[in-house]
Amino acid sequence: MKDTAHPRRAAPNPLRRRCDAVEAWAAAVFAAALVAGAPAAGAAAGWMTYEHGRSAAAEQAAARHPVEGRLLEDAGAPQASADRGGTAVESWAQVRWQEPGGKQAEGLIPVPEDATRGDRAVVWLDEQGRVTQPPDSGADVWASTIVVGTFAAGGAAALATGGRLWQRHAALRRRMAEWEADWAKTEPEWSRRGV
């Protein structure tokens, strides 16, 4: 009866060297790292970012409070702003509001581009009563989570791919060295130069 076992489990093949078996196992390990490790790294980094972002947003919300103000002028020409880790184009306008003690205050805050004099505006103040950015929203936290998770997964995938390419190159060099050594032993006998 014919043996139908898997070819890798069949009788030893003299052309299959130890380095071939090592390379096959290494390829499986790197494939597992790529398929399972990269998403796991992305999920872990995303989860940590989400937890940190949610905690920071809660702290910001506790330390900041909104007050209602009125624009004293139309929104200015949009300007680039590097607040909150990104570059956004915002319009700014002078706004007057009443502080919790009843004192009137004024300041420059970002407003919608189409805001006009007399419009209502929300002014965020810190614990010292200084104008600040609003606390991070849930959308901000999720955006950070997705970006960090994506970059972590991509980085892990790049490491797995780079490791596999390096291992493949090393295995090829090893295989060539083994073939060279075997040929040095076999060639004189095969070509009958030694006879």
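The values are calculated or read from the model by the stated rules, or taken from the named source; none is laboratory data. The model shown is predicted, which means the values in this text are computed figures rather than measured ones. Neighbour counts are summed over all protein chains in view; Cβ atoms, including those assigned to glycine, are modelled from backbone coordinates with ideal geometry. All accessible areas refer to the heavy atoms of the entire protein, side chains included, with ligands and DNA or RNA removed. Shrake-Rupley method; radii C 1.70, N 1.55, O 1.52, S 1.80 Å.
Some notes on this structure:
- Of all residues in the stretch 1-39 being part of a helix (DSSP H, G or I) and open to solvent by 100 Å² or more (accessible area, probe 1.4 Å), the one that is modelled with the highest pLDDT: VAL35
- Residue match in the stretch 98-109 (condition: among the polar types (S, T, N, Q), in a loop (DSSP other than H, G, I, E, B) and farther than 30 Å from TYR50 by Cβ): no
- Condition met for GLU189 (over 30 Å from ALA31 (Cβ atoms), out of contact with any Pro (no Cβ under 6 Å at 6 or more places or on another chain) and open to solvent by 70 Å² or more (accessible area, probe 1.4 Å)): yes
- Residues of the stretch 98-121 that turn out to be open to solvent by 90 Å² or more (accessible area, probe 1.4 Å) and either touching a Ser or Thr at 6+ places or on another chain (Cβ under 6 Å) or among the hydrophobic types (A, V, I, L, M, F, W, C) (or both), as a count: 2
- Qualifying residues in the stretch 40-77 (those that are among the acidic types (Asp, Glu) and touching a Lys or Arg at 6+ places or on another chain (Cβ under 9 Å)) - the one surrounded by the fewest Cβ atoms within 10 Å (Cβ to Cβ): GLU68
- Within the stretch 168-186, the residues that satisfy the criterion of being of a type in the set (Lys, Arg) and either open to solvent by 100 Å² or more (accessible area, probe 1.4 Å) or under 33 Å from the mean Cα position of the chain (by Cα) (or both) are ARG168, ARG173, ARG174, LYS185.
- Whether a residue is part of a loop (DSSP other than H, G, I, E, B) and either of a type outside the set (Gly, Ala, Ser) or surrounded by 11 or more Cβ atoms within 10 Å (Cβ to Cβ) (or both) was assessed, and ALA143 does not pass this test.
- The set of residues in the stretch 80-97 being in a strand (DSSP E or B) and either at pLDDT 65 or above or open to solvent by less than 60 Å² (accessible area, probe 1.4 Å) (or both) consists of SER81, ALA88, GLU90, SER91, TRP92, ALA93, GLN94, VAL95, ARG96, TRP97.
- Residue match in the stretch 147-167 (condition: in a loop (DSSP other than H, G, I, E, B) and open to solvent by less than 40 Å² (accessible area, probe 1.4 Å)): no
- Hits in the stretch 134-146 - residues which are out of contact with any helix residue (DSSP H, G or I) (no Cβ under 6 Å at 6 or more places or on another chain) and touching a residue at least 60 places away in the same chain (Cβ under 8 Å): PRO134, SER137, GLY138, ASP140, TRP142, ILE146
- Number of the condition not met by GLY118 [criteria: (1) modelled with pLDDT under 90; (2) assigned to a loop (DSSP other than H, G, I, E, B); (3) within 27 Å of ALA56 (Cβ to Cβ)]: (3)
- Residue within the stretch 126-139 that is more than 34 Å from the chain's Cα centre (by Cα) and either modelled with pLDDT of 90 or more or hydrophobic (A, V, I, L, M, F, W, C) (or both) present: no
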